[in-house]
Amino acid sequence: MENGSAADRWCFRPNDLATRSSGVTIRSVLTRVVSNLDPADPRPVIPLGHGDPSHFPCFRTTTVAEDAVVAALRSAKFNGYAPGLGLPRARSAIAEYLSKDLPYKLSSDDVYPTVGCTQAIELLVTTLASPNANILLPRPGFPYYEGVCAFTGLEARHFDLLPDKGWEVDLDALEALADQNTVAMVIINPGNPCGNVFTYQHLKKLAETARKLGILVIADEVYDHLTFGNNPFVPMGVFGSIVPVITVGSISKRWMVPGWRFGWLATNDPNGILQKYGIIDCIKGVYNMSTDPATFLQGAIPQILENTKEEFFSKNIISLREAADVCYDRLKEIPCIACPSKPEGSMFVMVKLNLSLLEDIKDDIDFCLKLGKEESVVILPGVAVGLKDWLRITFAVEPSSLDDGLGRVKAFCLRHAKKQ
Ligand SMILES: *Cc1c(COP(=O)(O)O)cnc(C)c1O
């Protein structure tokens with residue numbers, strides 16, 4: 001034997017495509033920053049990297065949602081498998097919830113319950129990944145899209161969001177990217193990582209551009225209604241009669257329960273184009289091959305969507321607005337960080353590092369690793385969301401932690417500033 005004895009030889013091997021596709025996720029980059037923290041620092045670690053506010057008392061979910069899950073579990077009605085495309089009552093509740101903001105009504109047949117918004121994205125990319133097809137993704141964006149595209153073989157092409165225009169889409173560049181193999185464009189609104197909220201007019205232009213190109217729009221609205229600036233949340237589905245729109249969303253962010261893993265995929269297509277072109281049958285097929293969310297969560301979802309009080313939502317909006325204000329004001333005090341626009345939605349802001357003002361910092365990753373080590377503050381390097389030498393900061397944390405964390409960022413930047 002060439003490679004040692006038979007006992008040393010195994011026939012299994014990893015799927016290199018999977019290893020490569022999972023290389024630059026937010027999780028893997030954050031893990032690197034976190035593993036570089038200094039355990040000897042007695043101060044608490046300030047997590048401004050992840051968008052998961054559920055740990056903080058001020059962002060605890062509503063008891064309406066907790067009670068709904070407990071009641072569904074206790075009822076013993078939801079211990080079995082759910083029917084093929086999900087519990088009908090769950091599907092109709094989601095259709096009802098989404099229809100409140102649309103000029104037409106979705107039916108329960110338009111809705112598929114999923115394991116978080118993540119699974120909705122996976123199902124959709126799988127549906128669209130026919131040979132040679134390509135999809136247009138925003139840059140900066142949400143790297144999970146790139147990951148599933150790489151894994152399914154769907155070619156990803158990137159259009160820029162413009163920092164000087166409130167992170168609006170560069171429409172001309174988007175059009176120039178498309179060809180006859182382009183199947184869809186992805187819009188994340190309210191935006192992660194930029195914290196922007198598109199205007200009605202801009203969304204309409206996007207719909208018209210997609211119509212012109214003959215492609216569908218995937219609207220990632222996982223931050224639906226989390227807006228606290230001038231622009232209200234407008235669901236892309238409003239333009240469903242201009243262009244077919246597939247919405248993905250979840251209760252993860254608005255209800256602050258990302259660990260519950262409950263989301264949905266919804267088709268907004270009053271003209272029935274998706275049906276005609278076989279997309280609906282493919283979605284159903286892919287859904288049937290996959291797994292659906294826990295049945296008791298499907299059982300609880302009607303109560304969660306229908307009974308949550310307005311006060312819960314408005315309290316969170318007030319907290320996020322205050323946090324965004326504090327974040328923006330404190331960042332302005334830091335010379336090597338530029339914040340092109342104040343966040344108006346979601347839980348994040350993108351800021352640009354001016355490395356020429358810093359003495360011994362190579363790039364955004366170096367910045368975040370050193371910041372973690374010296375100040376026990378975790379921030380996501382922009383390269384993880386497609387923009388090198390930028391940073392993504394989440395402000396959805398307890399106000400005192402935010403203040404403390406940004407104070408430490410400032411101290412770090414002053415300490416590393418180039419001496420004149
Ligand atoms: C958080 C997030 C998701 C994933 O949502 P889950 O419901 O947690 O699976 C999808 N897209 C964007 C833009 C997100 O920020």
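The values are calculated or read from the model by the stated rules, or taken from the named source; none is laboratory data. Just so we're clear, the structure is a prediction, and the values are computed from it rather than from any experiment. Here the Cβ positions follow ideal geometry from the backbone for every residue, glycine too, while neighbour counts run over all protein chains shown. Surface accessibility is based on the protein's heavy atoms, side chains included, excluding ligands, DNA and RNA. Shrake-Rupley method; radii C 1.70, N 1.55, O 1.52, S 1.80 Å.
Results, tabulated for the structure shown:
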quantity	calculated
Calculated log₁₀ intensity ratio I(q)/I(0) where the Debye formula runs over C-alpha points of segment 200-289, q = 0.11, 0.15, 0.19 Å⁻¹	-0.36, -0.65, -0.95
Proximal lysines to residue 253, defined as alpha-carbon separation beneath 22 angstrom and excluding residues fewer than eight positions away on the same chain	100, 309, 315, 342
Gyration tensor (Cα) of segment 41-102, equivalent ellipsoid semi-axes in angstrom	33, 18, 13
In segment 100-167, chymotrypsin sites (Phe, Trp or Tyr not before Pro) in a DSSP loop with at most 16 other beta-carbon atoms within 10 Å	104
Net charge of neighbours whose Cβ lies under 11 Å from the Cβ of residue 113, counting Lys and Arg as +1 and Asp and Glu as -1	+2
Dipole magnitude (debye, nearest 20) for the chain, charges at Cβ of Lys, Arg, Asp, Glu	260
Alpha carbon Rg of the chain, scaled by the compact-globule rule 2.2 N^0.38 Å	1.02
Inter-part distance where segment 373-389 and segment 244-323 are each reduced to a Cα centre, Å	29
Kirkwood-type radius of segment 89-198, with distances r between different C-alpha atoms, in Å	15.5
Relative intensity, log₁₀ I(q)/I(0), of segment 63-307 from a Debye sum that treats every alpha carbon as a point, q = 0.08, 0.12, 0.17 Å⁻¹	-0.28, -0.65, -1.31
Average silhouette area of segment 1-136, convex hull of alpha-carbon atoms, in square nanometres	18.1
Residues residue 313 and residue 204, FRET efficiency given R0 of 22 Å [Cβ-Cβ distance, rounded to 0.05]	0.30
Cβ-placed point charges (K, R +1; D, E -1), dipole of segment 142-299 about Cα centre in debye, nearest 20	420
Taking segment 63-307 and dividing mean pair separation by its residue count, relative contact order in percent (alpha carbons under 8 Å, at least six apart)	28
Whichever aspartates and glutamates have a C-alpha closer than 20 Å to that of residue 77, once near sequence neighbours (fewer than 8 apart) are set aside	66, 67, 292, 306
Span-rule helices in the chain, defined as complete DSSP H runs reaching 27 Å or more along the axis (Cα) with Kyte mean at least -1.0	310-332
Label-point separation in nm, residue 354 to residue 139, each point 7 Å along Cα→Cβ	2.5
Segment 63-307, accessible area per residue, ligands and nucleic acids excluded (1.4 Å, Å²)	39
For segment 163-317, the fraction of alpha-carbon pairs in successive 5 Å shells from zero, as %	2, 8, 15, 19, 19, 16, 12, 7, 2, 0
Within straight-line cross-link reach of residue 418, aspartates and glutamates at Cα separation under 12 Å, skipping those fewer than 8 residues along the same chain	359, 360
Listed residues 237, 405, 229, most fluctuating in the chain (Gaussian network, C-alpha, under 10 Å)	229
